[in-house]
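The values are calculated or read from the model by the stated rules, or taken from the named source; none is laboratory data. In this text, all values refer to a predicted model and were calculated from it rather than measured experimentally. Cβ sites come from the backbone with ideal geometry, for glycine too, and all protein chains shown count toward neighbours. Keep in mind that these areas ignore ligands, DNA and RNA; they rest on the heavy atoms of the full protein, side chains included. Shrake-Rupley method; radii C 1.70, N 1.55, O 1.52, S 1.80 Å.
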Amino acid sequence: MTSTKETNFDAIVIGAGFSGMYMLYRLREAGLSTRVYEAADGVGGTWYWNRYPGARCDSESIYYNYTFSEELYREWTWSSRYPEQPEILKYLNFVADKFELRPDIQFKTRVNAAQYDEDNKIWQITLSDGSTVTAKYFITGVGCLSASNLPKFNGLENFKGEHYHTGHWPHTKVDFTGKTVGIIGTGSSGVQAIPAIAKEAAHLTVFQRTPQYSAPARNHPYDPEYIRQAKENFQEIKRQMRESTGGAPGDIPTKSALEVTPEERLEKYEEAWRVGGQGIFTSYYDITVNEEANKTASEFIRSKIRDIVKKPDVAEKLMPTYFYGTKRPIIDTDYYETYNRDNVSLVDVKKNPIVEITEKGLRTTEGEFEVDVLVFATGFDGMTGPLLKMDIRGKDGISLKEKWNGGENTRTYLGVANAGFPNFFMITGPESPSVLSNMPVSIEQHVEWISDCIEYMCENNLETIEANVEAEEAWSKHCGEVADATLFSKADSWYTGANIPGKTRRFLIYLGGVGAYRQKCAEIAANGYEGFHFEKAPAPAQR
């Protein structure tokens, strides 16, 4: 590791997940002194923390990796279609070793605050140990889902058993054998964890607020020939990923769900269900924009729940009513089947709210449930949460939290920059494609755009870059208009912050597609970074 005595860098990056590691690699290759600060004691980001039973990726593994290095792509081989957390973490450690990234990462260190020094044109960054470092460029790679959400349950401090959050899981195995377990939450992490825990626990009680649409993953080991072909076709796969809507190759649907016969539509949905993955979500172009089209997909999945879950009253509790796909589209392994087990029960906490956590378990309005272990699968304060956890202050000492009014008036330029915050870049920030895309693709695009921008500044003797207020307002308005033309903004989800009490409801993801967004960012750069303004560095003193 580089000596921690250094206190001044060209660039400081927060986070050593997919974003921070690639940002470090690019800046270091460009010759900039760079330090990454990471709260964990290892690389991996979200895949370091999320170690709960059943945790796995919901993007296909041959697309869920870096594509900046063909050599790296050829050297690594995934075992299955949807890899589990340990394999993804192993991959990220492999990358860190291959490119010798660890010497420039300081682990077990949080960034508590960052203040822009207008006089000296640098960022002053306060670390968790109380020390301060400075950098010309300040870059966040904290991800959209790193601020875990644990609702304020009354009495949690009184619980005598074990309790865990899926976003901060122990590094040693949690043994549920012979124990009664309660799990709160049925979002993506809950849907993955519930079947795995049910196989071990004496009894599992699921406390569900909102039922979810989920499709089977149909995970399977990869055939070696399939992997060989993927590696041979690396360049074409990379091109398709970068030009696609969601960051993965695939035909863009051209038909409406309403222009085909009910028989043809059912056949297409059945085939997508049989193959597994996100096929239903991408079956027709109007699933997420037309209510009637959406109803066809929603009712298909509800019919599958009725078929799979043997107890009609339980099946009824599991029926979602929101527009399919407007919350995170989930894929699973035996999720609905798990409710047929004798050792699994389901409690609807929308009808019977949780009143308090007790010494022996939890109490709802219908009574007390005694458990040995409580699991909180309550998700994250998404999109803005990880950024607003830090005290980031730009010009005139104005904080990001103040500028965004706690999230009520969040606005960015391209999801990468903010007016009033010079030389501050966000990787996959609010109002970029981020979580509604294959994340490594969007991460690479942002990292490359940011590093190209910094190199442009170095070559042209430019000291600062800052988004224009007008460009920021226009981009934010455009993002909102695109979202409002879809069904996404009509659902209460973590996309909109509806899972956080008191958080203003905003849809902060750009829905124009990965390819279109990449093209827009490239055009802005080609036009001399249109929508930004620069300050030139002072000329060297004459001797």
- [ ] Filter segment 1-19 for residues that are small (Gly, Ala, Ser) and touching a helix residue (DSSP H, G or I) at 6+ places or on another chain (Cβ under 9 Å) and give the result.
- [x] 11, 15, 16, 17, 19
TODO: Search segment 182-210 for residues being open to solvent by 20 Å² or more (accessible area, probe 1.4 Å) and modelled with pLDDT of 95 or more, and hand back the single one that is nearest to residue 318 (Cα to Cα).
DONE: 192
TODO: Name the single residue, out of those in segment 296-329 being touching a helix residue (DSSP H, G or I) at 6+ places or on another chain (Cβ under 6 Å) and assigned to a loop (DSSP other than H, G, I, E, B), that is most open to solvent (accessible area, probe 1.4 Å).
DONE: 328
- [ ] Please name all residue pairs, on different chains or six or more residues apart, with Cβ atoms under 7 Å, provided the first residue is in segment 15-30 and is within 17 Å of residue 108 (Cα to Cα) and open to solvent by 20 Å² or more (accessible area, probe 1.4 Å) and the second residue is in a helix (DSSP H, G or I) and β-branched (Val, Ile, Thr).
- [x] none
Task: Where a residue in segment 88-110 is free of Cβ contacts under 8 Å to residues at least 60 places away in the same chain and its partner, wherever it lies, is of a type in the set (Ser, Thr, Tyr) and outside any helix (DSSP H, G or I), with Cβ under 8 Å and at least six apart - done: 88/64
Open item on the list: I want to confirm something. Restricting to segment 226-275 and keeping residues that are open to solvent by less than 70 Å² (accessible area, probe 1.4 Å), aliphatic (A, V, I, L, M) and modelled with pLDDT of 95 or more, which single residue is farthest from residue 511 (Cα to Cα)?
Closed with: 227
Task: Number of the condition not met by residue 229 [criteria: (1) under 25 Å from the mean Cα position of the chain (by Cα); (2) closer than 30 Å to residue 73 by Cβ] - done: (1)
Task: Unmet criterion (only one of (1) buried (at least 21 other Cβ atoms within 10 Å of the Cβ); (2) at pLDDT below 95) for residue 373 - done: (2)
Task: Selection status of residue 293, touching a Leu at 6+ places or on another chain (Cβ under 6 Å), within 25 Å of residue 318 (Cα to Cα) and either crowded, with 21+ Cβ neighbours inside 10 Å or of a type in the set (Ser, Thr, Tyr) (or both) - done: yes
Task: Single condition residue 350 does not satisfy, out of (1) open to solvent by less than 30 Å² (accessible area, probe 1.4 Å); (2) modelled with pLDDT under 95 - done: (1)
Task: Every pair of residues 6+ apart whose Cβ atoms lie under 8 Å, when the first sits in segment 354-366 and is surrounded by 17 or more Cβ atoms within 10 Å (Cβ to Cβ) while the second is among the small types (Gly, Ala, Ser) - done: 357/155; 358/155; 361/161; 361/182; 362/182
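I want to confirm something. Restricting to segment 384-418 and keeping residues that are assigned to a loop (DSSP other than H, G, I, E, B) and open to solvent by 10 Å² or more (accessible area, probe 1.4 Å), which single residue is modelled with the highest pLDDT?
We begin by selecting, within segment 384-418, every residue assigned to a loop (DSSP other than H, G, I, E, B); these are 384, 389-390, 394, 398, 404, 408-412, 414-416, 418.
Pick out the ones that are also open to solvent by 10 Å² or more (accessible area, probe 1.4 Å) and you get 389-390, 398, 408-409, 411.
On the way: 389: 85, 390: 89, 398: 95, 408: 77, 409: 85, 411: 92.
Filtering first and then ranking leaves 398.
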Task: Complete set of residues in segment 338-353 that are part of a loop (DSSP other than H, G, I, E, B) and in contact (Cβ under 8 Å) with a residue 12 or more places away in the chain - done: 339, 340, 341, 343, 349, 350, 352, 353
Open item on the list: Being of a type in the set (Val, Ile, Thr) and at pLDDT 80 or above is the requirement here; does residue 500 meet it?
Closed with: no
Open item on the list: Show the residue pairs meeting these rules: Cβ distance below 6 Å; 6+ apart or different chains; first residue within segment 157-176 and within 21 Å of residue 202 (Cβ to Cβ); second residue outside any loop (DSSP other than H, G, I, E, B) and of a type in the set (Val, Ile, Thr).
Closed with: 159/357; 161/373; 162/373; 164/375; 176/197
Open item on the list: Testing residue 179 on (1) basic (Lys, Arg); (2) loosely packed, with under 15 Cβ neighbours inside 10 Å; (3) in contact with an Asp or Glu (Cβ under 9 Å, 6 or more places away or on another chain), one condition comes back false. Which one is that?
Closed with: (2)
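So which residues in segment 198-220 are in contact with a helix residue (DSSP H, G or I) (Cβ under 9 Å, 6 or more places away or on another chain) and over 19 Å from residue 342 (Cβ atoms)? Working first, answer last.
Of all residues in segment 198-220, those in contact with a helix residue (DSSP H, G or I) (Cβ under 9 Å, 6 or more places away or on another chain) come to 198-199, 204, 206, 208, 211-216, 218.
Those that are in contact with a helix residue (DSSP H, G or I) (Cβ under 9 Å, 6 or more places away or on another chain) and over 19 Å from residue 342 (Cβ atoms): 211, 212, 213, 214, 215, 216, 218.
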Task: All helices (runs of 4 or more DSSP H) inside segment 44-143 with 1 or more residues being modelled with pLDDT under 95, buried (at least 17 other Cβ atoms within 10 Å of the Cβ) and in contact with a strand residue (DSSP E or B) (Cβ under 9 Å, 6 or more places away or on another chain) - done: 46-49
Open item on the list: List the residue pairs whose Cβ atoms are under 6 Å apart, where the first residue sits in segment 215-242 and is at positive phi, the second is part of a loop (DSSP other than H, G, I, E, B), and the two are 6 or more positions apart or on different chains.
Closed with: 218/276
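One line per residue, one yes/no per condition, for (1) aromatic (Phe, Trp, Tyr); (2) under 22 Å from residue 443 (Cβ atoms):
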{"position": "95", "(1), (2)": "no, yes"}
{"position": "100", "(1), (2)": "no, yes"}
{"position": "107", "(1), (2)": "yes, yes"}
{"position": "122", "(1), (2)": "no, no"}
{"position": "127", "(1), (2)": "no, no"}
{"position": "134", "(1), (2)": "no, no"}
{"position": "139", "(1), (2)": "no, yes"}
{"position": "142", "(1), (2)": "no, yes"}
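What's the total number of residues in segment 447-490 that are among the small types (Gly, Ala, Ser) and under 30 Å from residue 293 (Cβ atoms)? Steps first, please.
Initially, segment 447-490 is screened for residues among the small types (Gly, Ala, Ser), giving 451, 467, 471, 474, 476, 480, 483, 485, 489.
The next check asks that each one be under 30 Å from residue 293 (Cβ atoms); those that pass are 476, 480, 483, 485, 489.
Looking only at that region, the number is 5.
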- [ ] Please state which one of 2, 7 is at pLDDT below 95, over 20 Å from the mean Cα position of the chain (by Cα) and open to solvent by less than 60 Å² (accessible area, probe 1.4 Å).
- [x] 2
